[in-house]
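J.: The structure is given below, and queries will be raised subsequently.
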Amino acid sequence: HIGLLRGNSTDVGGRIGVVLVFRDLTSVRRLEAMRADFVANASHELRTPLASLLGFVETLQGPARNDSAARERFLEIMRVQAQRMKRLIDDLLSLSRIEMRAHVPPTEALDFKSITAQMIETLSPLARDRGTIIHAHLPDEPITIYGDRDELLRVLENLIENAVKYGESGGKVDVQLARIEGPDGQSQAVLSVQDYGPGIAPEHLPRLTERFYRVDVVQSREKGGTGLGLAIVKHIVNRHRGRLDIASEPGEGARFTVALPAYVEKAVSE
Ligand code: ADP
């Protein structure tokens, strides 16, 4: 941009230069503001359980010193708060690791179908505890993609767990995987996770993948959420050169769709 400014001595060029520099600064400022926001949010999220932990430690050292029933109760609350802090720190670390690798495309050839089946099997008992059945609609053939196994498992885990958490309790979750030919002729692996819960109002949809954005903070906390799950999903999907789409009809449920480039073995011509 600076080069452009120097190279253009005419009025018109000068004006173009000024606009470009202005835009550049706005995006730098926006990034700075986002970073400052993120640090403030993360600190606040960590401070809340920490303050509660400190409060209980002081109570146990003081007024509740000889009250064994209170001690048991308080220790359990402290365990839950410490667990919340650990989850948050684990998610923050995951996010920063994925960000560090953002520009290095994953190279391992994997079968996305078996990874999907594996995660459905892992989460089915948790879903059953809520009375929710996960229905798998998987293709007969494997779907090869270039990816990172742990990251893809994370995408599946976050989306299916959310569908079970926020979906209708006692309901069902449909997990569908298919290979389709994209508009550009590129083959794609398309995963969709659909629940039939209350869904998400349209004004929230564009912001759901922002870090710490939650439709209902209290509900998310009660369900053990950190507000980072969908931000992590978005980063992983981007790293895999894929797309994430979120659609919801309030009252009818929500559908999260991930499309990733699939690998097609080229027929060898004689
Ligand atoms: P959290 O840890 O709060 O679940 P996420 O980043 O995974 O964070 O999701 C962000 C927010 O998006 C959630 O707090 C919830 O309000 C909303 N959300 C995510 N998945 C669903 C869903 N399947 N149905 C309704 N709301 C959802």
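J.: Would you mind pulling out the separation of the Cα centroids of the range 96-113 and the range 27-88, in Å?
T.: For the range 96-113 versus the range 27-88, the Cα centre distance is 32 Å.
J.: Starting from the Cα-Cα distance between residue 27 and residue 108, subtract it from 0.36 nm times their residue separation and give me the gain in nm to one decimal.
T.: Answer, rounded to one decimal: 25.7 nm.
J.: Helices from the chain with mean Kyte-Doolittle at least -1.0 and a Cα length along the axis of 30 Å or more, per DSSP H: which?
T.: In the chain, the long hydrophobic H runs are 11-61, 68-100.
J.: Taking +1 at the Cβ of each Lys and Arg and -1 at the Cβ of each Asp and Glu, which of 143, 123, 264 sits farthest along the dipole of the chain towards its positive end, judged by Cα position relative to the Cα centre?
T.: In the chain, that residue is 123.
J.: Only Cα pairs within less than 10 Å get springs; with that Gaussian network setup on the chain, which residue of 25, 260, 177 has the largest fluctuation?
T.: 25
J.: About the Cα centre of the chain, how large is the charge dipole given +1 on each Lys and Arg Cβ and -1 on each Asp and Glu Cβ? Please answer in debye to the nearest 20.
T.: So the magnitude is around 1000 debye.
J.: Of the options 213, 64, 75, report the single residue whose Cα projects farthest towards the positive end of the charge dipole of the chain (beta-carbon charges: Lys, Arg +1; Asp, Glu -1).
T.: Ranked along the dipole, the leading option is 64.
J.: For the range 142-172 and the range 198-243, write down the distance between their C-alpha centroids in whole Å.
T.: Distance between centres, Cα-based: 13 Å.
J.: Quick check on the chain: of the DSSP beta bridges with both residues there, what percent are antiparallel, nearest 5%?
T.: Among the beta bridges of the chain, antiparallel pairing accounts for roughly 85 percent.
Bear in mind that the values in this text are calculations on the coordinates, not laboratory data. Here the structure is a predicted model, which means the values were calculated and not measured. Quick reminder, even Gly has a Cβ in these numbers, built from the backbone with ideal geometry, and neighbours come from all protein chains shown.
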